[in-house]
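Read-outs: derived from the displayed coordinates by stated rules, not from any lab. All values reported here derive from a predicted model rather than from experimental measurement. As a convention, Cβ positions derive from the backbone with ideal geometry for all residues, glycine included, and neighbour counts pool all protein chains shown.
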Amino acid sequence: MLIGAPGCGKGTHSAWIVEARGIPQISTGDILRAAVAAGAPLGREAKGHMDAGRLVPDDLILGLMRERLARPDAGQGFILDGFPRTIPQAEGLDRLLEERGEKLDKVVKIEVARDELVRRLTSRRVCPGCNAVYNLSFRPPRAEGVCDACGGPVVQRDDDTETTVLRRLEVYEAQTAPLVRYYEARGLLGVADGNQGYAEARAQIERLLGAAGDR
Ligand code: AMP
């Protein structure tokens, strides 16, 4: 599991872990955005919360996670990105894993200074087609507005505007930060410094993951 404030690099670092370990990334944010784009009932319920920078209710999130983990690609492990985000979600995850006879191998917290988070989030751009993530200041797409990976349009997320970003950071501190202690108490936590460049942060996360999850 990768944990940390919005913009800390959970999605970016999930991408290489997926390649390196051959396991899927499970991002509740990506699942919710896909449901919104598809006009699905889940998306209709979630959209108002997401646009306001609030969390989507725990029961909806736990329901979607139960379904997602039941898919065959999750049978050999997975990397969690953006879930859990509250203590009740963490407890729900414990129950889900217990039912499956599985356990969490490692929780890596990525720490980034607040000013840097705001800067990164407001200049972030994404491809809604393939979920590739760019940043106008340090990792722009090769052709402006066009995804390097799939050729689709690259856009700003509705919730990456400054007002919503500040709200999301408050929500993180109030509701998600307490999870760090929850996992620390279980001896699962490692902390990576996400203020450094991509390569340095990646090397540190690689060391923290170590043999976690190897079977
Ligand atoms: P993210 O892409 O992880 O930043 O998530 C974008 C938005 O989706 C969040 O601001 C929440 O509104 C919603 N969301 C994503 N994951 C969760 C979660 N685990 N619990 C509640 N809301 C979530």
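Take ALA211 and tell me if it is surrounded by fewer than 14 Cβ atoms within 10 Å (Cβ to Cβ) and either of a type in the set (Val, Ile, Thr) or not in a helix (DSSP H, G or I) (or both).
Details: surrounded by fewer than 14 Cβ atoms within 10 Å (Cβ to Cβ): yes; either of a type in the set (Val, Ile, Thr) or not in a helix (DSSP H, G or I) (or both): yes.
Yes: the conditions hold for ALA211.
How many residues, within region 21-55, are without any contact (Cβ under 8 Å) to a residue 60 or more places away in the chain and part of a helix (DSSP H, G or I)? Write out each step before concluding.
Step one: filter region 21-55 for residues without any contact (Cβ under 8 Å) to a residue 60 or more places away in the chain, giving 22, 24-26, 28-29, 31-32, 34-36, 38-49.
Remaining after also requiring part of a helix (DSSP H, G or I): 28-29, 31-32, 34-36, 41-49.
Selection size over region 21-55: 16.
Got a sec? Which of LEU104, LEU97 is surrounded by 15 or more Cβ atoms within 10 Å (Cβ to Cβ), of a type outside the set (Phe, Trp, Tyr) and either within 16 Å of the ligand (Cβ to nearest atom) or at positive phi (or both)?
Working: LEU97 fails: surrounded by 15 or more Cβ atoms within 10 Å (Cβ to Cβ).
Only one candidate qualifies: LEU104.
Considering only residues that are assigned to a helix (DSSP H, G or I) and free of Cβ contacts under 8 Å to residues at least 24 places away in the same chain, look in region 114-135 and name the one that is surrounded by the most Cβ atoms within 10 Å (Cβ to Cβ). Please lay out each step first, then the result.
Here is the first cut: in region 114-135, the ones assigned to a helix (DSSP H, G or I) are 114-122.
Applying the additional criterion that residues be free of Cβ contacts under 8 Å to residues at least 24 places away in the same chain yields 115, 119.
Details: ASP115: 8, ARG119: 16.
The qualifying residue surrounded by the most Cβ atoms within 10 Å (Cβ to Cβ) is ARG119.
Among ASP148, ASP158, which is in contact (Cβ under 8 Å) with a residue 40 or more places away in the chain and either touching a helix residue (DSSP H, G or I) at 6+ places or on another chain (Cβ under 7 Å) or not polar (S, T, N, Q) (or both)?
On the way: ASP148 fails: in contact (Cβ under 8 Å) with a residue 40 or more places away in the chain.
Just one listed residue meets the conditions, ASP158.
Do we find a residue being among the β-branched types (Val, Ile, Thr) and free of Cβ contacts under 8 Å to residues at least 60 places away in the same chain anywhere in region 171-193? Steps first, please.
Our first condition is that a residue be among the β-branched types (Val, Ile, Thr); within region 171-193, this holds for 171, 176, 180, 191.
In the following step, the residues that additionally are free of Cβ contacts under 8 Å to residues at least 60 places away in the same chain were identified as none.
Checked against the condition, which is being among the β-branched types (Val, Ile, Thr) and free of Cβ contacts under 8 Å to residues at least 60 places away in the same chain, region 171-193 yields no hits at all.
Which residues, taken from region 120-134, are hydroxyl-bearing (Ser, Thr, Tyr) and either in contact with a helix residue (DSSP H, G or I) (Cβ under 8 Å, 6 or more places away or on another chain) or closer than 12 Å to CYS150 by Cα (or both)?
Here is the first cut: in region 120-134, the residues hydroxyl-bearing (Ser, Thr, Tyr) are 122-123, 134.
Answer for region 120-134, where residues must be hydroxyl-bearing (Ser, Thr, Tyr) and either in contact with a helix residue (DSSP H, G or I) (Cβ under 8 Å, 6 or more places away or on another chain) or closer than 12 Å to CYS150 by Cα (or both): just THR122.
I want to confirm something. Restricting to region 25-39 and keeping residues that are surrounded by 18 or more Cβ atoms within 10 Å (Cβ to Cβ) and over 17 Å from CYS127 (Cβ atoms), which single residue is nearest to the ligand (Cβ to nearest atom)? Spell out the reasoning first.
Step one: list which residues in region 25-39 are surrounded by 18 or more Cβ atoms within 10 Å (Cβ to Cβ), which gives 25-29, 31-33, 35-36.
Next cut, over 17 Å from CYS127 (Cβ atoms) only: 26, 28, 35.
Working: ILE26: 10, THR28: 3, ALA35: 10 Å.
Taking the candidates together, the pick is THR28.
This table checks each residue for (1) within 13 Å of the ligand (Cβ to nearest atom); (2) outside any loop (DSSP other than H, G, I, E, B).
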| site | (1), (2) |
| --- | --- |
| SER137 | no, no |
| ALA149 | no, no |
| VAL165 | yes, yes |
| LEU179 | yes, yes |
| TYR183 | no, yes |
